[in-house]
Each structure stands twice: as structure tokens, then as C-alpha cells.
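Engineer: My questions all concern the structure below.
The values are calculated or read from the model by the stated rules, or taken from the named source; none is laboratory data. Predicted model only: the values in this text are computed from it and were never measured. Heads up, the Cβs are rebuilt from the backbone with ideal geometry, glycines too, and the neighbour counts pull from every protein chain shown.
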Amino acid sequence: MQLSDLLTDIFRRHHERPALRTAGRAWTYAELDRLTNALAGRIDRECAPGRRVLVVGEHSAEAVIWALAAMRSGAVHTPMSPGLPVDRFEDSVRVAQAGLVVCLDRESLVRADKAGVPALYSGDVGWPTEVTERRPSGSPVAYSIFTSGSTGVPKLVDVGHGGLLNLCRSLRRLLDITPGEQVLQFASLSFDASISEILGTLYAGATLVVPVRDQASWLGSVSRHLAEHGCDLAMLSPSVYARLDDAARRRIRKIEFCGEALGKAEFDRAIQHSRVFNAYGPTEATVCFSLAELTSFTPAIGTPIDGFRALVHDPETGDHSTSGTGELVIVGEGVALGYVGGRAEEQRVFRTLDGERAYYTGDRVTLHDGTLSYLGRIDEQVKRLGHRVNLAHVESHLSARLDREVALVRLGEEVVLVTTADGATEEALMARVRSWLPAWEAPDRIAFVDTLPLATSGKLDKNALRERIAAGSGGASANDPELRQVLDVVTTVLGHQIDPNTSIFDAGGSSLAMIQIQVKLSQIYGEQAVEAAFAALDYDFVVVDFLRHLHGADVVRRESPAETVFRQVETELAALRAELPLLRRETRRATQAPDQAGRTVLLTGVSGFIGGHVLDQLLPTGRPVLVVSTTGSDRVLAEHRARFGHDAADYDLVRVIGYGDLERWVDQREGPALDGVAHCGYQVNHLLPLDSQMAGSVRNTVLVVRAAAAFGARSFAFLSAASAGEHFEPLSAAALGAVADPYSRSKLICEGYVNALADVGCAVDCYRAGLVYGHQDGDRSYLKDDWFTGLIALARRLRAMPRLEGYVPVCDVRELSRTLLAAIDGRSSGSAVVVHRTYELAELLHHAGLSPTDVLPPAEWFELARGSGQAHLPLLAAMQSALGGRGWRTPQREVDHDILGTLFGTPQEAPRAGARA
Amino acid sequence: MRYSLRQDIAVEPVIAGWYGWSYLLPPQTLARFVRNRFTSIIDSYLSDPQVHATAVRQRKMHGGPWVHAYEHYDRIASWYQAAAPQRERLGELFDAIRQVEEEILPRYHGECLDPVYQELPSALAGRLEVFYGRDNRTADYRFIEPLMYASEYYDETWQQVRFGPVTRDAREFALTTPMLEYTPDQLLVDVPLNSPLLDLIFRGGLTEAELADVTARFGLTDQRAELFASYFEPAPQPTGTATGDVLEYVGHACVFARHDGTTFLVDPVLSYGGYPGGAEHRFTFADLPERIDYLLITHNHQDHMLFETLIRIRHRVGTVLIPKSSNASLVDPGLGGILRRLGFSHVVEVDDLDTLDCGSAQVVALPFLGEHGDLRIRSKTGWLIRFGERSVLFAADSTNIAPTMYAKVAEVIGRVDTVFIGMESIGAAASWIYGPLYGTPLDRRTDQSRRLNGSNFQQAKDIVDALDPDEVYVYAMGLEPWLGVVMAIDYDENHPAIVDSDLLVKHVRDKGRTADRLQLRRTLRR
């Protein structure tokens, strides 16, 4: 079965089940079907059938979707790591004879241009919806995977279709994958483990989960994701597993180890929390050749999965047999078609045995009763003191005995044991190691490193390790003799080198080590000076900080999260400020009919509650409106019409585009002339982390700001939030730090970007609105996720109200819309907090039909609510987050009508006490 | 003429050469501490005494692994050499435990555990029970503790006491320095800690013949006998015994109460007398009544279960009430077994919400959460004592990590009038006490996340709000200088424990009730 047919079949079979999920987004199988089909159509338009399409991206749901699209297309899916050096990128494109490169980031797009190959940027394509009739590709190659050739030139493995269905079936059966299970997508797409993650999951009808990259490293993000959400199944290399936090490891229900030989230490750790599987398979055998569940540690790698047989080959006699020890030869349909690139002699690993394709793995195994045990690489066998020594075996043994990761690395004739330092000296460790091993297995020396590096594949990167050890010093940047001197002292005490910016406690040091360091440094710098510096360090020794203190300087404080964000924002803001005048000057604006010239309004958020009302008030003015929406589809207008009961003709002057279209217009410096902008489109979610807000609504806001500059807008009204603060101050880390929730922080950041428009002569108003109500019948659905009305409704059901601090600030949506439109009509009132009326506890009680005796402390109320089973938990969390602050401090009554009373349908006059201030 | 021990002579318990406390008595925990903590202290000291001298000088380093008597290099070196056979014997036990924990048990993942008994190392064979933990897959074990005490690894000849004068309130941290004779007025005597000879000495009023007999039985002659004699003075005239009801805070977590003639002492830690310059009006051993009918222990930390005080008051004590501990694990050795080996004959173990009639009063054991590094430790309880109409709760260091617990407890026990609560809101990392017992050390971040914290303001406030008492007293903060012997806290006005307890006192006072942070001594009711 062809890969594309296999996928089509999968999508049809599971239909409405959730297929793919990442933070805040999910796709059903049906949705993925439509989407990947449309994208595959797009690939087919740009790339000849049978040619390779390189997909450059990883660690995002978007990249997974493009990978699926490439698999369904007529081209050959060839994933490539985005992290390659420039030269390697060009080599790879050349070796692959790529017909098209799909880039998930702009940097790769630039590289692809340089390499002279046609390229698509995923952001430009967006999510097309048109369904195209598609033809089967007919290529014998299902996908190609880059692997490192021995010459350093990239080499491709062409994998055929023959082993795919067996792979899917075996994974489902042996790993016991069931519909609805959550499977982690960890592997880089350029590594073929991703193929088994993706296909294994989808075939079984389970859900593939891509963590959000919200930490500096992907591994850190995954670790955090797992600690928080857990997963049913993860496919990881032992090296990656060793690097997860314990809290993350505990929440993996089933772990399939792959990519590297599994050592006892990792097995012991994993079996405490998870069902443990060990998989073995080279890229050359369609990802997975054998798989076994382990309940106790053995080097067993199971029996071949369907469609494969195993033979052992004795290189000395040339015999093949079905039992014994020797090089593993894989025979079957799933053996890859061959290499592309690389040296000719490398092709010799692919042969034909009895008319079937066979692959000579280079792995030493024992085959007994059909079960395989892994012994190591043939080339990891060394002869020492007359004995044949298997380094992989010794490595696994040592890592179990020492209970930490070790690597045995060959440097010429020398065998070096590389490990992370734990405070023991080289001599002490060597003594232990020698007591366990015969002389011919013992390493010649020990080298300590801070971390054992991983390659993109998630395997231990022995080449990098070899280079690092060969270079000797572990790469300390210590040209400064004084730094060198202090580092030497630390090295003497700890028995290994540390990073000058790392606390010795984090490097495995103890308070004993610290005082030893202090005594030694006192001999150099004098007792008093050193003691004073140590006191100033608060007895947490970091080499660089120590030197600063020794010279009387203050230690640089670690940045707070608000400071980090602010620093990013400042950088971006500087770039934006530089760009806006250029946009305004260089953009060509379309000429318009004389009567409409200079009257167009750009409006966002029309499908939202407030934006809809703004459009409702805008339509009768007869001004042309450019609606920018996330979908970019005219459906927005159909829905608006149904909501407000307008005629189709009322929308004659309204045009809808997507954010992607807007970005293209801005980037191409060509678009319609604008008069004003009302920016109401924003994802209201108090729980979303700031990073997601930054990547979503904030990024959209920056785009709208750029559009305003490019298309000559004279005014810009931004709908901000009262929770961003009562006072308008310049954006600073302190101002950001003062705002509690990420949603309000993101609004404050957006205000900073919006205000940059003042530089190009655009009048800017930011309106910080309170809770906005005034819902009419067609608006009721917007109340579904509203935390405050949800809270009142819940209070009514529970017959209990939490004690709210201060007042609840409320706006009327029509008043607010008028204010926004007045601003773009040139009748600006200046940036302001917009609160039409505040409500105090007594009034809320009235609206909920409760009395003062029904009031509970918030903590108790939330406990009650959680226990009641009546509350929607995410909404409850939003309430808790929103009530976290101090509440609104001043009462207000700018409008006379009872906004909440109308909404709740309660009698007009609530008991009031001093609300009229 | 009759003789009594001078009020300023401390008699410090010594086990295997170290200051005696709960985890050094059971052989299995002693073996862990000797190998995992004491050996590295002495090795580092012997290789570079200057490191220890430097560390001891710095306040921030207090409580760390330092030999305070760093100037006595030769004495420590020769003691350490002489103690090698003892370390070797304990080493067998240590290795056996390691073998069970790291080699034998990890091989089992749910299958039958019977074979384990056949392969137990001889040091532990017949002295362990093995079983699966909660997940039914991870094998665990417990010691049959009486058999451990009966083994060759529990040796009363390793026990000693050290006599010596106390000259001021502040005591030096004692847990990390070998207990040797460092000054001419110190005397180290080989004697089991449960010896009736010690009761004879502490009871006082010895005749000359009795004193001579004790001296001889301690094997003291010549100059050493003279030194020993100098620790005694003519017995003071017995003073009239007070009989009135009283509730008196006497330092740290220690509270004395008398109600209708029955006497109670909670978490005994007392100070010495008879030297100039001590805090005025402090409560010393001399202030104790002849008889303590009920001694109550809240938990097995050295500042609540101080051997030095316990052996000195042993002859006065009727019944000891303690929390029941059924784990018999490394981290949670039985408190009852420890107290019995310490010479207390009448020990009663109680469990959550057990109620006992104790003379004129009623005692209820209350659940105690937290402050034990999330280890599986059951030996901890709060005590509620009902003195007639009034009830007093000793919450010790219980942390209100489960805010609803005290509300539920309140429903069961009814009104509480007075609450004593510990608020050492930022305690030491759990490894400070338990580190030597861990199989594999925790990484620093995890260790630091599991501190031995008492309640912070919010937690204490929730307790107080749930119980709604008239009086709230913050105690057990280690504020008294004599606690320095087992604690190392460096307080200033910005210390979180001080800030938190100030807030609590204010909160309670704002409600129109009585509250204070106690220090040294306070008579709360007569």
C-alpha cells in the first residue's frame, strides 16, 4: 500500500477522533484530512511528481501537518533539520535533488533562495481549505531520510512503501496503542523516529501531542509538558529519557526506548513508573525492526516484527544462519531501497538474499530461538590485551554500576570514559571502575564534562564528545589569568572543571567543597577579602560572581521573567520604530473612488463580541471597511448578518481578508489607503501563558500596527484591558511586573507597540475597558467562556458568593463601540480607562438572588465550587486567576442603566450603598 | 552529708563517639550516619583541619559538617583510629542494607518475594520483612526492630556520657564534633544511657557511700575520681512542693502544666542553672517538680526529643505518651523502641484522634502533617490536652499544607481555647536530618523543595481561623540560646519565620484575641 493511500485510509477511518493537539489547538482526523490534502495539492502544484520535497521544520504541530502533507503529495517526503550549517544545507538540497523546499521559518527560506531551489514559506500559505482532486504519485520511494555518510557528505536513505503497513500494525499491537491515547511527538522530523511516532499514533486512532516550545530548550519544554500533562506513550532514546526531570518521567505511562542500546540504569529508572518497551531498528529497515516489552532488564530487543526475518552473518566464514552470534542481517520487504549520495561501497550493505532485499546492519547480535539480543556495533569491538572487548557492553555495565550516564569514546588507540562529574575525583572513580572490570575492559583514562551532548536524533553525540575531549580543556573561555587561577582552584577541589557561571552546588559541590575553595582562595587573596566576598555571595559560590565581589563590584542580579520579556519587547520595539517610517514612506497605496478616498477603516475582531458591535455601528456610516480576521473568510460577514439582522447590501463596502493576506500586503508594500484602524481582535484567555499570547495576539497586533503605518492610517484605536492597570505609564519591566496575569501583560505590551505609531503621525488611543456587557440575544454565545457571568451563575446555583475585593468594573458594549469609533473619526478623547459603572458585592448578591449571609471567603468558595461538580474547570481556573488581583478600587457610575441587571434580567433597583461617589 | 550534681554540670549523651540523639540509637540508622555523614566529616577534617576552622568561624556555615573542636587534631585522629573496629562492624550492617536496597529488592517488580529471604545478607537475615509498596511493583522492607536491637550491631558499650560544666546559656552545635575530653574539666564515662546509676546521680541526695560506689562503678580513680567528685555539691534542702494549677512555657516547644495535681511536660528541652550571666527567670532543671506524671513527645526531631534532657529527668517521669510509628523503616524508626532503650519503662503509643484519660485531664492525639520532607514518617502528632473546661493544643511544627484538615479536626474535637503553634516557616532542607538515610542523594533542587518547614503565615492563619481559639502562642522557633546544641538558625528581624509570626500575632490581636511569640519563659495561667 502506498504511503499516501495508507494515510487517506487512516483519516477516513478515524474521522471525528482527535488526531493532533498542541497548546490551545486541536485537529480531528477529518480536519487533518482536509488540511493535509489541500497542502499536498499545493506541494503538487510547485513540485514535479517523484521529486523530493524537503520539509524544514520541527517541534511544532504545523511542521507535523506539513510532513503529513508531503507524505500525501506526489513528491517524496524528505524531512530536513532546520539547524544545519549553511554549507550543509546546500549540500543536502543538492544530494536530494529537491524539487521544492517547504520552510517553517523565514531563515530557512533565505537559505533555500540562496541554494537556488524553489521554496514555500508555510506562513505565506496559511491553512488553505480548497479540496483538490489528487493523483497517486506512483514513486517507489515513500520517504527519504538524511543520515550521516562516512565522508561527512549527507547521504539519503530511500525507504519504500513495503514495510509501512507492517510497521503501523506492529506498533499498534505491541505497544498496545488504543484510540484516544495521548502519544508524545518528541523526535525531530528529520529523524525517522518521527515517522513511527506519527504513523503509529494515527494508525491506531490515538492523538499525537506536540508540546509547546516554552523553554529555552526543546527538551526542557517537553520535560515541563510531561510533568504537567503526562502522556500515554513516549518513544525516546535512553539519553533523552535520562535528561527528563523526574516529575516528567513519572507521568509517562508507556515508554518505548529506541535509537540507542538501553542500559540497565535507564531501565531500572523507567520500570518504576512505566511499562517499558525496547525497540530496535535502523533507518534502513523502515524505522523499527523488532520490539519487546521488558519486565526485567535484558539486552533483548525482541523478535522481528511482521514482514521481517533475521539472520546472523559470520564475517569470517561468510555463513548466514538462523541462530548464533554475528552481524545481524535484516531480510524483508521493509528493507530500504538504497542510499542516495555517499560512497559506492556503502551500497554494499544492501544485497539480495534468496530473492529478498537484505540489509547488513553492522550490529552484533545473538539470535536464539528467534529472539535477538543486542551486543553492540561491530566497529565498537576493539581488541585489547588479546581480548575482544565490546565497548557498548562495557558502557552499559558501567552506567548501571555508577547509576549515571557514561560514554566510552575511542581516541586513536586510547579508550576514554566520559561522564558528568559528581564530585568524585578522577582517581577515585578510576579506582572503582578498575575494581569492577578486567584490565582489558578498563578505560585508559577518565574525562569529565558538564553535560553529555546529544545529536539531533536524540542519541548521544559521540563525535562531538570526541572533539571536545580531544580539544582537552572542556572549552573554558579562560584567557583571563585571574579567572584561570580561580577555576584551577575549583577544579582542584571538585576534581573536575566547571563553568565559571555555574554555582558549585549545581555542579555537584557541597558546603565542604565550598569551604575548601575558600581556604585555598584565602591563601591567594587574603583571608578577609575572601571571607567578605563569600559573605556577599551569600555562600553560593559562582566563580564569575566571586571575582566581581573580590573587586568590589555588585553581582548582577538574575533577571526576573518580567525583565526578560521587557528586554525582548524593547528589542522588537526598536526594530518596529525603525521600520514604521520606511513602511509609511515606501508603500504604494491604491487609489480609490473620489467619494471614498481616505475613508476606509481597518477593523479586527468582527467575529468577537465587541468587534461585532463596532462593525454594526460602522455599517450605517457608509464608510468602506477592511475586515481582517483569523480565518479570512466571508463567513465572518454571514455570521455578523445573522447576529445583527442586516441586509446583504449593507456589506457592499466591506471586504474580508486574513492576517496572512495583510502580512503579504505589508511585506509587498502595496495595499489600500486607510483612514483609521480599530483593533479589537484579541484572544481573551486569562490562562494562556505569556509566550503563547506573544506568538498569537501580540504578533497580530504588531502586524496591524505595521499595516496602519504602511497604508497611511491617521488614527488607531486599540481595545486594551482595565486589568492592565489604572495609570498610563511608559512600558517598563516594573510596569509589566505589576500586572498579574499574562493576558493583561500582553495587552500592556501591545499598547507599547501601538504607541510607536505616534512617530509616524498617527493618533493613537488605547482604551482599557472593564468587563464588557450589553449582550443582546444574538450575543449570548459569547457569555459561554466569560468568567464573571459564569461566576455569578455558579454562585446562584451554589447559593454562595465568593467575597470579592473592591468593585467590579463594567462597560456597556454600545458605549464602548461609540468611543472607539469616535477615536477613528478624529474625535479622540485620548487613551483612557473605560469603566461605565462599577458594581459592589451587595449589588452582585442582589443579581444572584443571594443575601449577605451567603458570602464565603474565596478559598472556601472555590473549594465548594470544585466539589460541586457543577463548574467547568477551565472557567473556574480563569475566575481564580482573574480574582487574584486586588480588585477595582474606585466606584464609578457614568451610565445610569443597570448593565448587569439587564443582562441577568433581575429587577432594576438593586440595594445600593454609596455607589455614587 | 548528702550530695547532688551541681546545677551547671551538663551530662551529655554519647553514642559511638557522637552527641547522642534519636537516629544514633537504632543500629541501622547509626550505621548510615557513621558511614554517610561522620566518616566524611572526619576524613575531610583529618586531611585539612584548616577548612573546618574557617567554616566554624562563619555564622552562615553553622549546622554544617564541621568539627568545632578543630584545634584537637591529634586527639581526634587517635580516637578515630581506635574506633576503627566499631566502624568496621557497623560497616557490615551498612553494606547489608545497601545490598538489600540496591541489589536485591530492585530485581523484583511484582513477582513473589519469598526468594528474598533466602538471599538476605547475614547481617539482616531474620531481621527484615519484605513486601511491596503502594504500586504493588516496588519492593520495600521493614526492620523487625527488637531483633535489630538484639543483634551484635547494637552495643551498649558504645554508649557514654560526658560530664562537664556549662558556663553560659548559648551552647555550641554538637551534632558534628566527636564527643571527646577536650578540656581538663570534662570527663567521659563509659556507661549505658539507660543505666540506673545515672538516675541515682540525677535524683541527687547521694550519701558518701553511694557516691563512692558510683565513682568506683564508673571505673574512676585518682585524678579522674577527684574531678568527678568536684561535679557534686552538698544537696540543697528540699523546697516545698507547689500544687497550684499552672500552664508555663519553658522554652522552644517545651511547656509544663499542672492541673488538679497531675503534671504534664511537652517536648522537654531544659536549660541549666548555677552559672553567672544566664537569662533571668529562665526555667531550669531545678524548677521541675519531683514528679512528672505525663511526658508528651510530638515528633522525633532532636529539638523535641532531646536525649540530654530526657535522661536527666527520667527518674521523675511516670508515663511517656508518643505518636505510634508502625513503619520501622530507615527514616522512621520506632519511637517507643528508642525510648525504652533509653530507660523509660512506661511508654504509651497513640494514633490519630485516640483519647486517653491522664489523671485529671484528657489527652487527644491530633494528626500532624508536614515538616518531614515528604518522607513516609508516622511518628508525629499534635497534642490536645483538656484541662477541665479548657483545652490546649500543642501543634508543634505541624504545617497546614492541607487547609481543610484542621477544619475537619475541629468538627471532631470541638472548641480549642489555646493554641501553641510552631512557625519555623523556612526550615532546613530535608537532607540536613535525613540525608544519610537516603539510598541515593536527591539533587539539590529537589532537596531544597522539600524543606522541614513549619507553618507560614497563611497556613498558621488558616489553622487559627479554623479553630478560633482565644489565645494563640507561636513557639518552637529555636529562639532560646541553649537550643544551639542541636539547631543552627540565624534569626534577624527579616527572617521569614519572624515576619510570618509577627503577621500571625497581629492577625489574632486584630480579632480581639490574645497572641504572642514566646521566648525563654512565660507563665500563661495560674
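Engineer: Test B:LEU342 against the criterion of being more than 20 Å from B:ASP397 (Cβ to Cβ) and of a type in the set (A, V, I, L, M), and give yes or no.
Structural biologist: Numbers: more than 20 Å from B:ASP397 (Cβ to Cβ): yes; of a type in the set (A, V, I, L, M): yes.
So B:LEU342 passes the test.
Engineer: Those residues that are buried (at least 23 other Cβ atoms within 10 Å of the Cβ) and either of a type outside the set (A, V, I, L, M, F, W, C) or more than 22 Å from A:VAL614 (Cα to Cα) (or both), I need them from segment A:675-692; list them, please.
Structural biologist: The answer is A:GLY676, A:HIS679, A:GLY681, A:TYR682.
Engineer: Which helices (runs of 4 or more DSSP H) sit wholly inside segment B:355-460 and have at least 2 residues that are within 19 Å of the chain's Cα centre (by Cα)? Write out each step before concluding.
Structural biologist: Working: elements: B:403-413, B:431-434, B:444-449.
Qualifying helices (runs of 4 or more DSSP H): B:431-434.
Engineer: To continue, here is another question. Please go through segment A:617-638 and pick out each residue that is assigned to a loop (DSSP other than H, G, I, E, B) and farther than 14 Å from A:ARG599 by Cβ. Can you show your working first?
Structural biologist: Initial filter on segment A:617-638 (assigned to a loop (DSSP other than H, G, I, E, B)): A:622-624, A:630-634.
Result: A:THR630, A:THR631, A:GLY632, A:SER633, A:ASP634.
Engineer: Looking at B:LEU24 and the list (1) at pLDDT 95 or above; (2) under 22 Å from B:MET487 (Cβ atoms); (3) within 14 Å of chain A (Cβ to nearest Cβ), which single condition is not satisfied?
Structural biologist: Among (1) at pLDDT 95 or above; (2) under 22 Å from B:MET487 (Cβ atoms); (3) within 14 Å of chain A (Cβ to nearest Cβ), the lone unmet condition for B:LEU24 is (3).
Engineer: Separate question: Of a type in the set (A, V, I, L, M), within 15 Å of A:LEU175 (Cβ to Cβ) and either in a helix (DSSP H, G or I) or under 27 Å from the mean Cα position of the chain (by Cα) (or both), is that true of A:VAL276?
Structural biologist: On the way: of a type in the set (A, V, I, L, M): yes; within 15 Å of A:LEU175 (Cβ to Cβ): yes; either in a helix (DSSP H, G or I) or under 27 Å from the mean Cα position of the chain (by Cα) (or both): yes.
Spelling it out, A:VAL276 is indeed of a type in the set (A, V, I, L, M), within 15 Å of A:LEU175 (Cβ to Cβ) and either in a helix (DSSP H, G or I) or under 27 Å from the mean Cα position of the chain (by Cα) (or both).
Engineer: Of everything in segment B:269-293, what is under 19 Å from B:ASP303 (Cβ atoms) and among the charged types (D, E, K, R)? Give them in sequence order.
Structural biologist: B:ARG282, the sole residue that qualifies.
Engineer: Name the residue that is farthest from the other protein chains (Cβ to nearest Cβ), counting only residues in segment A:502-527 that are of a type in the set (Val, Ile, Thr) and touching a residue at least 12 places away in the same chain (Cβ under 8 Å). Don't jump to the end; show me each part of the working.
Structural biologist: Within segment A:502-527, the first condition is being of a type in the set (Val, Ile, Thr), and the residues that meet it are A:502, A:504, A:515, A:517, A:519, A:524.
Imposing the further condition that a residue be touching a residue at least 12 places away in the same chain (Cβ under 8 Å) reduces the set to A:502, A:504, A:517, A:524.
Working: A:THR502: 12, A:ILE504: 10, A:ILE517: 9, A:ILE524: 14 Å.
Per the criteria, the residue is A:ILE524.
Engineer: Could you count how many residues in segment A:206-247 are assigned to a helix (DSSP H, G or I) and either among the basic types (Lys, Arg) or in contact with a strand residue (DSSP E or B) (Cβ under 9 Å, 6 or more places away or on another chain) (or both)?
Structural biologist: Of segment A:206-247, the ones assigned to a helix (DSSP H, G or I) are A:218-229, A:238-243, A:246-247.
Next, only the ones that are either among the basic types (Lys, Arg) or in contact with a strand residue (DSSP E or B) (Cβ under 9 Å, 6 or more places away or on another chain) (or both) stay: A:219, A:222, A:224-226, A:229, A:238-241, A:243.
Of the residues in that region, 11 qualify.
Engineer: Considering segment A:39-57 alone, what residues qualify as being touching a helix residue (DSSP H, G or I) at 6+ places or on another chain (Cβ under 8 Å) and not in a strand (DSSP E or B)? Give the derivation first.
Structural biologist: Residues of segment A:39-57 touching a helix residue (DSSP H, G or I) at 6+ places or on another chain (Cβ under 8 Å): A:39-40, A:42-43, A:52-57.
Selection gives A:LEU39, A:ALA40, A:ARG42, A:ILE43, A:GLY57.
Engineer: Can you name the residue in segment A:1-34 that is among the hydroxyl-bearing types (Ser, Thr, Tyr) and assigned to a helix (DSSP H, G or I) and is also surrounded by the most Cβ atoms within 10 Å (Cβ to Cβ) among such residues? Step through it out loud before you land on a result.
Structural biologist: Filtering segment A:1-34 down to residues among the hydroxyl-bearing types (Ser, Thr, Tyr) leaves A:4, A:8, A:22, A:28-29.
Retained after the next criterion (residues that are assigned to a helix (DSSP H, G or I)): A:4, A:8, A:29.
Values: A:SER4: 25, A:THR8: 17, A:TYR29: 20.
Applying the filter and picking the extreme gives A:SER4.
Engineer: Among the numbered criteria (1) in contact (Cβ under 8 Å) with a residue 60 or more places away in the chain; (2) under 22 Å from A:PRO154 (Cα atoms), which one does A:THR303 miss?
Structural biologist: (2)
Engineer: Next question, about the same structure. Only one of (1) surrounded by fewer than 24 Cβ atoms within 10 Å (Cβ to Cβ); (2) assigned to a helix (DSSP H, G or I) is not met by A:LYS254, so which one is it?
Structural biologist: (2)
Engineer: I've got another one for you. Name the single residue, out of those in segment A:725-737 being more than 27 Å from the chain's Cα centre (by Cα) and part of a helix (DSSP H, G or I), that is nearest to A:LEU771 (Cα to Cα).
Structural biologist: Per the stated criteria, the residue is A:ALA735.
Engineer: Condition first: in a loop (DSSP other than H, G, I, E, B), in contact (Cβ under 8 Å) with a residue 60 or more places away in the chain and surrounded by fewer than 20 Cβ atoms within 10 Å (Cβ to Cβ). Now tell me which residues in segment B:35-68 satisfy that. Steps first, answer last, please.
Structural biologist: First, pick out the residues of segment B:35-68 that are in a loop (DSSP other than H, G, I, E, B): B:48, B:58, B:62-68.
Still in the running and in contact (Cβ under 8 Å) with a residue 60 or more places away in the chain: B:62-68.
Within segment B:35-68, B:HIS62, B:GLY63, B:HIS68 meet the criteria.
Engineer: Separate question: Cβ contacts < 7 Å: first residue of a type in the set (Lys, Arg), restricted to segment B:319-330; second residue surrounded by fewer than 17 Cβ atoms within 10 Å (Cβ to Cβ), any location; separation 6+ or different chain. Result?
Structural biologist: The qualifying pairs are B:LYS324/B:ASP351.
Engineer: Given the options A:SER223, A:SER217, A:SER237, name the one that is away from chain B (no Cβ under 14 Å), hydroxyl-bearing (Ser, Thr, Tyr) and either crowded, with 22+ Cβ neighbours inside 10 Å or in contact with an Asp or Glu (Cβ under 9 Å, 6 or more places away or on another chain) (or both). Lay out the reasoning, then the answer.
Structural biologist: On the way: A:SER223 fails: away from chain B (no Cβ under 14 Å); A:SER217 fails: either crowded, with 22+ Cβ neighbours inside 10 Å or in contact with an Asp or Glu (Cβ under 9 Å, 6 or more places away or on another chain) (or both).
Just a single option satisfies the conditions, and that option is A:SER237.
Engineer: Can I ask one more? Hey, can you tell me all the residues within segment B:59-90 that are within 14 Å of another protein chain (Cβ to nearest Cβ) and over 18 Å from B:ALA174 (Cβ atoms)?
Structural biologist: Quick first cut of segment B:59-90, residues within 14 Å of another protein chain (Cβ to nearest Cβ) only: B:59-68, B:70.
Hit for segment B:59-90 is B:LYS60, nothing else.
Engineer: In segment A:71-84, what residues are surrounded by 24 or more Cβ atoms within 10 Å (Cβ to Cβ) and either free of Cβ contacts under 8 Å to residues at least 60 places away in the same chain or not in a helix (DSSP H, G or I) (or both)?
Structural biologist: If the condition is that a residue be surrounded by 24 or more Cβ atoms within 10 Å (Cβ to Cβ) and either free of Cβ contacts under 8 Å to residues at least 60 places away in the same chain or not in a helix (DSSP H, G or I) (or both), then A:SER73, A:ALA75, A:VAL76, A:HIS77, A:THR78, A:PRO79, A:MET80 are the ones that fit.
So that you can scan it fast, the table gives a plain yes or no per residue for (1) modelled with pLDDT of 80 or more; (2) on the phi < 0 side of the Ramachandran plot; (3) among the small types (Gly, Ala, Ser); (4) over 35 Å from the mean Cα position of the chain (by Cα):
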residue: A:GLY474; (1), (2), (3), (4): no, no, yes, no
residue: A:SER477; (1), (2), (3), (4): no, yes, yes, no
residue: A:GLN485; (1), (2), (3), (4): yes, yes, no, yes
residue: A:ASP488; (1), (2), (3), (4): yes, yes, no, yes
residue: A:THR491; (1), (2), (3), (4): yes, yes, no, yes
residue: A:LEU494; (1), (2), (3), (4): yes, yes, no, yes
residue: A:ASP499; (1), (2), (3), (4): no, yes, no, no
residue: A:THR502; (1), (2), (3), (4): no, yes, no, no
residue: A:ASP506; (1), (2), (3), (4): no, yes, no, no
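Engineer: Taking segment A:250-264, which residues are away from chain B (no Cβ under 11 Å) and within 22 Å of A:ALA407 (Cα to Cα)?
Structural biologist: Within segment A:250-264, A:GLU256, A:PHE257, A:CYS258, A:GLY259, A:GLU260, A:ALA261, A:LEU262, A:GLY263 meet the criteria.
Engineer: A further question on this structure: May I ask you to say which residue of B:TYR275, B:TYR294 is surrounded by 16 or more Cβ atoms within 10 Å (Cβ to Cβ) and either assigned to a helix (DSSP H, G or I) or not polar (S, T, N, Q) (or both)? Walk me through it before giving the result.
Structural biologist: Working: B:TYR275 fails: surrounded by 16 or more Cβ atoms within 10 Å (Cβ to Cβ).
None of the other options fit; the residue is B:TYR294.
Engineer: How about segment B:27-52: which of its residues are small (Gly, Ala, Ser) and more than 14 Å from chain A (Cβ to nearest Cβ)?
Structural biologist: Keep residues of segment B:27-52 that are small (Gly, Ala, Ser), which gives B:31, B:40, B:44, B:47.
Scanning segment B:27-52 gives a single hit, B:ALA31.
Engineer: Every residue in segment B:156-180 that is surrounded by fewer than 16 Cβ atoms within 10 Å (Cβ to Cβ) and touching a residue at least 40 places away in the same chain (Cβ under 8 Å), please. It would help to see each step written out before you state the result.
Structural biologist: Let us first name the residues in segment B:156-180 that are surrounded by fewer than 16 Cβ atoms within 10 Å (Cβ to Cβ), namely B:156-157, B:167-168, B:170, B:172.
Result: B:THR167, B:ARG168, B:ALA170, B:GLU172.
Engineer: List the helices (runs of 4 or more DSSP H) inside segment A:802-870, counting only whole elements, that have at least 3 residues being small (Gly, Ala, Ser) and more than 14 Å from every other protein chain (Cβ to nearest Cβ).
Structural biologist: Details: elements: A:813-824, A:841-848, A:858-868.
Where helices (runs of 4 or more DSSP H) fall fully within segment A:802-870 and carry at least 3 residues being small (Gly, Ala, Ser) and more than 14 Å from every other protein chain (Cβ to nearest Cβ), they are A:813-824.
Engineer: Go through A:VAL614, A:VAL606, A:VAL656 for me and flag whichever is in contact with a strand residue (DSSP E or B) (Cβ under 6 Å, 6 or more places away or on another chain), among the β-branched types (Val, Ile, Thr) and in a helix (DSSP H, G or I).
Structural biologist: Working: A:VAL606 fails: in a helix (DSSP H, G or I); A:VAL656 fails: in a helix (DSSP H, G or I).
A:VAL614 is the lone residue from the list that is in contact with a strand residue (DSSP E or B) (Cβ under 6 Å, 6 or more places away or on another chain), among the β-branched types (Val, Ile, Thr) and in a helix (DSSP H, G or I).
Engineer: If you don't mind, there's one more thing I want to ask. Could you count how many residues in segment B:387-405 are of a type outside the set (Phe, Trp, Tyr), away from chain A (no Cβ under 14 Å) and surrounded by 23 or more Cβ atoms within 10 Å (Cβ to Cβ)?
Structural biologist: So the count comes out to 7.
Engineer: Another question about this same structure. Taking segment A:533-544, which residues are farther than 16 Å from A:GLN485 by Cβ and more than 11 Å from chain B (Cβ to nearest Cβ)?
Structural biologist: Quick first cut of segment A:533-544, residues farther than 16 Å from A:GLN485 by Cβ only: A:534-540.
The one that is farther than 16 Å from A:GLN485 by Cβ and more than 11 Å from chain B (Cβ to nearest Cβ): A:ALA536.
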